Amino acid sequence: MKSFKANPWMLPQPVLIIGTYDKDGKANAMNAAWGGQWDMKEIVISLGSHATTDNLAANPEFTVTFATRDTMVAADYVGITSGRTTPDKMERTGWAIEKAPSVNAPLFTDFPMTLECRVKREIDKDSSGYYLVAEIVNILCREEYLAEDGNPDVEKMGIITYDPVHHGYMALGNSVGHAFADGNQLK
């Protein structure tokens, strides 16, 4: 085996799009890869210092959606372009934007599924950023992305993951098994 120094190579890494409003009510989005489930109804995201963190300081509500094959180019764009310096950032994405129904944050309707969230706490906050722990207030899913059982169908969504080793995006594939069931074969 080849050995490597410590790197942020935890796989897969979601491509999260965080939606906030600025102090004037203007929508902003950023791309964040370092996030995940924290608890049953909470998520955690590692944030640097961004327009998004400025916005969260003024309004602790936001949305999180998952980038897809169809939204990849604009999702990458909101990660490499600052809302602090590019006033027309959101217009350039071409995304349709509405106010989220349960939180004071933008809803990007081009994405299949969105988490409506509220900041619960900030951990290790300093001038470079912090870890954001947030409560999931509500989950929205476009109806064309629902499975026959009425729940979100992840395979239909075309969700992408970030490849931190080669700095690329990869599409999630097809289902290969059933959690909490397939292991029963070895009992």
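Any read-out appearing in this document is the output of simple, stated calculations on the displayed coordinates, not a laboratory observation. Keep in mind that what you see is a predicted model, and the values were worked out from it rather than measured. With ideal geometry, Cβ positions are generated from the backbone for all residues, glycine too; neighbour counts draw on all protein chains shown.
The string of couplings for the range 59-73 from the Karplus curve (6.51, -1.76, 1.60, θ = phi - 60°) is 8, x, 10, 7, 10, 10, 10, 10, 5, 10, 4, 6, 9, 4, 4 Hz, one whole number per residue in order, with x for Gly and Pro.
Could you grab the relative contact order for the range 13-186? Cα pairs under 8 Å, six or more apart, rounded to a whole percent. Relative contact order, the range 13-186: 23 percent. Estimated from helices alone, the mean residue ellipticity of the chain at 222 nm is -3500 deg cm²/dmol (sum of -39500 (n - 2.57) over DSSP H runs with n ≥ 4, per residue).
A straight chain from Asp24 to Val119 at 0.36 nm per residue would run longer than the Cα-Cα distance by 32.3 nm. Structure remark: mean-square fluctuation, Gaussian network model of the chain, C-alpha springs under 10 Å; the largest value among Ala105, Ala58, Ala74 belongs to Ala58. Counting beta carbons within 10 Å around each of Glu91, Glu116 and listing the fewest first gives the order Glu91, Glu116.
In the elastic network of the chain, a GNM with C-alpha springs shorter than 10 Å, the most mobile of Asp124, Asp70, Asp22 is Asp124. In the range 18-98, Cα pairs under 8 Å separated by at least six residues give a relative contact order of 34 percent. Calculation over all alpha carbon pairs of the chain in 10 angstrom steps from 0 returns a P(r) of 9, 34, 37, 15, 5, 1 percent. The local environment of Glu143, defined by Cβ-Cβ distances under 14 Å, has a net charge of -2 under the rule Lys, Arg +1 and Asp, Glu -1.
Taking label points 7 Å from Cα along the Cα-to-Cβ direction, Asp182 and Phe4 give a separation of 2.4 nm.
Largest GNM mean-square fluctuation among Ser46, Ser175, Ser102, using the chain with Cα springs under 10 Å: Ser175.
Here the gap between Asn151 and Ser49, fully extended at 0.36 nm per residue and compared with their Cα-Cα distance, gives a gain of 33.2 nm. Pairs with C-alpha atoms separated by more than 21 Å, drawn from the list Lys99/Lys125; Lys23/Lys99; Lys26/Lys89; Lys99/Lys156, are Lys99/Lys125; Lys99/Lys156.
Taking amide H positions as modeled 1.01 Å from N, with prolines and chain starts lacking one, the residues under 5 Å from Tyr169 and 5 or more places away or on another chain are Asp163. Karplus-based coupling profile of the range 41-48, in residue order and whole Hz: 10, 9, 10, 10, 9, 8, 10, x, with θ = phi - 60° in 6.51 cos²θ - 1.76 cosθ + 1.60 and x standing for Gly or Pro.
Rounded, prolate or oblate: which fits the range 66-143, taking a ≥ b ≥ c as square roots of the Cα gyration tensor eigenvalues, rounded meaning a/c under 1.5, else prolate when a/b beats b/c? Oblate is the answer for the range 66-143, as a/c is 1.5 or above yet b/c matches or exceeds a/b. Taking a ≥ b ≥ c as the square roots of the eigenvalues of the Cα gyration tensor, the range 13-122 is rounded, since a/c falls below 1.5.
Apply the a/c threshold of 1.5 to the C-alpha gyration tensor of the range 2-41 and tell me whether it is rounded, prolate or oblate. It is prolate, given that a/c is not under 1.5 and a/b is the larger ratio.
Each Cα pair under 8 Å and six or more residues apart adds its separation to the average, and for the range 75-175 the resulting relative contact order is 15 percent. Taking other Cβ atoms within 10 Å as a rough exposure proxy, Leu47, Leu146 sort from fewest to most as Leu146, Leu47. Charging the Cβ of each Asp and Glu at -1 and of each Lys and Arg at +1, and nothing else, the dipole of the range 13-186 about its Cα centre rounds to 460 debye. Compute the distance from the alpha-carbon center of the range 1-79 to that of the range 93-150, in whole Å. So the separation of the two Cα centres works out to 10 Å. Using θ = phi - 60° in the Karplus curve 6.51 cos²θ - 1.76 cosθ + 1.60, the 3J(HN,Hα) couplings for the range 27-39 round to 5, 9, 9, 9, 9, 9, 9, 9, x, x, 6, 9, 7 Hz; x is entered for Gly and Pro.
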